[in-house]
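Okay, so here's the structure we're looking at.
Values in this text are rule-based calculations from the coordinates and carry no lab data. Predicted, not measured: the structure shown is a model, and the values here were computed from it. Neighbour counts are summed over all protein chains in view; Cβ atoms, including those assigned to glycine, are modelled from backbone coordinates with ideal geometry.
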Amino acid sequence: MSEKKAWLAHYPENIESTVTIPSIPMGQILQETASKFSTKNALSFFGKKINYGQLNTISQKFTSALQKNQVQKGDRVAVMLPNCPQYVISYYGILTAGAIVTQVNPMSVERELEYILKDSGAETIVVLDALYPRVKSVQPLTNLKNIIVVSLQPSEQDYTPDRSFESFLTEGNGNVVTIDIEPEHDIAVLQYTGGTTGRSKGAMLTHRNVLANVVQSYEFFKHELEIGKEKCLTVIPLFHVFGMSSCMNLSIYTGAESILLPRFDLEEVLNTIKNEQPTLFPGVPTMYVAITSHPKAEEYGINSIKTCNSGSAPMPVELLRSFERKTGSNILEGYGLSEASPTTHCNPPFAERKAGSVGIGMPSTDYKIVDVGTGTEEVPVGELGEVIIKGPQIMKGYWNMAEETANTLRNGWLFTGDIAKVDDDGYLYIVDRKKDLIIASGYNIYPRDIEEVLYEHPAVQEAVCIGVPDPYRGEDVKAVVVLKTGATVTEQEIIQYCRKNMAAYKVPRSVEFREQLPKTGVGKILRRALREEAIGN
């Protein structure tokens, strides 16, 4: 296919377009790195350092404790933690035990938590102490037997937890019973989708899926990475597949130090950059917006960062340019999804970077654009359609959802639900999700087309567009905008600006100004929440 050939042409001789995935369990990469870099820092958490030898030893104790508590191969063990050393220890301890890491967003309310625990059948959970009451409230409705509670600071809670993380570790002597794991078949992670298109689904990522994405990423960026010397600012949540792979797993694979922050607080992030001097900063657009908007960002030594890998949400072109002008960093926008472990595309560090594009395929990744209606016909270069992907990082399927799996995985291809196009060079451009499409008076309107224009307005800091019901046009375009500090502009001025910069049928009929936009824990704007709110009103 033409786009694949164009994509391959961008790979130089020293970058492999096809990679060999080692046939080893994911947990083994920590053991191998610890044997090479035992005294090098693996984790940094508010000044506390843990080297690779220590991390591996503690993780092995966690594995041993799980086994002492009868956790068997294939059992699901839920992790409901912010970024912290205990997360990394638990993750690799669970994998080494042959159990399945079940990711739970710490912001999940009782209803969401109950659903994931019941759906996965998890009998063990590792949870932050502040969230312990939430777990206890749903425990009678689930299969939970073991609740392991993590405290990051002295607790003022007026309850006694089942058992603390520290006491649980003492139950393991570090003598791990070796588990026979088949990387191609055995599940490493249940990564629950955000539920933005319906009921949350557990993507089954095998050991090979997860390791494949690490190996693919390393090959793609290997000339930007110095083994054993990088520092990765890890503020993207590890429960999110992007943070799990691009921060934690890639860092451990390459012997890098992960600088863990449990949340994105702008001053805390800037001070951490100043004190720790990270070289890598995987992030999402909202993080780069915040840093770009800070009047003294340059004073925090942000020029230590060599590469910013942007994912999870589209990066507006003007934001990318503004951030790079202010910081001197190089942003490489990529694309992925939970079902692909997650990365499938990225702008290459070894070839042209195209603003507005998510780049070319990762090694061993095929992709094409097919018609939205049937998904059977490949569309010509430059035309819009649904992007479908094939590669070793593509999930095994959805947990307990055979019909959903059959709809999403067809003949080895992952149907992403994302509308996209490719250019003559094989670069992929994500336009929107199929379900975000706005249809007004018969015209197909893609929100990102309008948002790109809005981000170029000097007063606009963040913007999102949604379709709202209209009895005549079917839907109208509504823009929801956050202004830059001190900026003033009227609704009519925004509309007039849009009229000058886009086709008439795309122009928003209404503009709402807000102090902030609703977002997920990883910083992705919750378009669906705004749409539901507008319809409800």
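Taking amide hydrogens as placed 1.01 Å from N in the peptide plane, the amide H of Gly174 sits under 5 Å from those of Ser64, Ala65, each at least 5 positions away in sequence or on another chain.
Taking label points 7 Å from Cα along the Cα-to-Cβ direction, Glu404 and Glu512 give a separation of 2.8 nm. Think of each Lys and Arg Cβ as +1 and each Asp and Glu Cβ as -1; about the Cα centre, that makes the dipole of the chain roughly 520 debye. Counting only Cβ charges, +1 for Lys and Arg and -1 for Asp and Glu, the dipole size of the range 398-527 around its Cα centre is about 200 debye.
Return the calculated 222 nm mean residue ellipticity for the chain, to the nearest 500 deg cm²/dmol, obtained by summing -39500 (n - 2.57) across DSSP H runs with n ≥ 4 and dividing by the residue count.
Values: 16 runs with 157 residues, N = 537.
About -8500 deg cm²/dmol.
Projecting the Cα atoms of Leu250, Gln496, Gly361 onto the dipole axis of the chain, where Lys and Arg carry +1 and Asp and Glu carry -1 at the beta carbon, places Leu250 farthest toward the positive end. Taking other residues whose beta carbon is less than 13 angstrom from the beta carbon of Ala355, and scoring Lys, Arg as +1 and Asp, Glu as -1, yields -3.
If the chain linking Lys296 and Ser441 were pulled fully straight, counting 0.36 nm for each residue of separation and taking away their Cα-Cα distance, it would gain 47.6 nm.
Using a cut-off of 29 Å between Cα atoms, the listed pairs Lys229/Lys421; Lys390/Lys524; Lys48/Lys354; Lys61/Lys390 include Lys229/Lys421; Lys48/Lys354; Lys61/Lys390 as exceeding that distance.
Using the Cβ-Cβ distance between Glu532 and Glu182 with R0 set to 45 Å, the FRET efficiency from 1/(1 + (r/R0)^6) comes to roughly 0.60.
Sequentially through the range 466-471, phi angles give Karplus couplings (6.51, -1.76, 1.60; θ = phi - 60°) of 9, x, 10, x, 9, x Hz, Gly and Pro residues having no value and appearing as x.
With 0.36 nm allotted per residue and the present C-alpha distance subtracted, the Ala9-Arg325 stretch has 110.8 nm of extension available.
Gain in length, Asp449 to Gln153, computed as 0.36 nm per residue apart minus the alpha-carbon separation, to one decimal in nm? Mind showing how you got there, number by number?
Values: separation 296, 0.36 × 296 = 106.56 nm, distance 4.56 nm.
Gain on stretching Asp449 to Gln153: 102.0 nm.
When DSSP beta bridges are restricted to pairs lying wholly in the chain, around 60% turn out antiparallel. Where does the Debye-calculated log10 I(q)/I(0) of the range 261-331 sit at q = 0.15 Å⁻¹, using only Cα point scatterers of equal weight, no solvent? The calculated log intensity ratios at q = 0.15 Å⁻¹ are -0.41. Considering only alpha-carbon pairs that sit under 8 angstrom and 6 or more positions apart, the relative contact order computed for the chain is 13 percent. The convex hull around the C-alpha trace of the chain, projected and averaged over every direction, spans 24.8 square nanometres.
Assuming R0 = 22 Å, what is the FRET efficiency of Phe46 and Glu110, from their Cβ-Cβ distance, to the nearest 0.05? Working shown, then result.
On the way: r = 30 Å, r/R0 = 1.35.
That pair, Phe46 with Glu110, gives E of 0.15.
Hull surface divided by four, with the convex hull built on the Cα atoms of the range 183-342: how many nm²? Mean projected area for the range 183-342: 9.5 nm², to one decimal.
For the range 354-370, putting each phi into the Karplus relation 6.51 cos²θ - 1.76 cosθ + 1.60 with θ = phi - 60° gives couplings of 10, 4, x, 9, 9, x, 10, x, 5, x, 6, 10, 9, 7, 7, 10, 10 Hz, in residue order, rounded to whole numbers and with x for Gly and Pro.
Tell me the relative contact order for the range 86-209 as a rounded percent, counting alpha carbon contacts under 8 Å between residues six or more apart. Could the numbers behind the result be given before it?
Working: 155 pairs, mean separation 31.8, N = 124.
That works out to 26 percent.
Between Asp371 and Lys500, the C-beta separation translates, for a Förster distance of 35 Å, into a calculated FRET efficiency of about 0.55.
Counted by Cβ distance under 12 Å from Thr374, the other residues give a net charge of -3, where Lys and Arg count +1 and Asp and Glu count -1. Residues whose amide H comes within less than 5 Å of that of Ser310, counting only those at least five positions distant or on another chain, are Gly283, Leu332, Glu333, Gly334 (H built at 1.01 Å from N in the peptide plane). Placing dummy labels 7 Å off each Cα toward the beta-carbon, the span from Asn143 to Ser23 is 3.0 nm. Projecting the Cα atoms of Gly417, Pro392, Gly373 onto the charge dipole of the range 323-422, computed from C-beta unit charges around the Cα centre, puts Pro392 farthest toward the positive end. For the range 404-492, the alpha-carbon coordinates run over 53, 37, 26 Å along the three principal axes, in decreasing order.
Using only the alpha carbons of the range 282-377, what is the convex hull's orientation-averaged projected area in square nanometres? Can you show the working numbers first?
Details: hull surface 30.4 nm².
Result: 7.6 nm².
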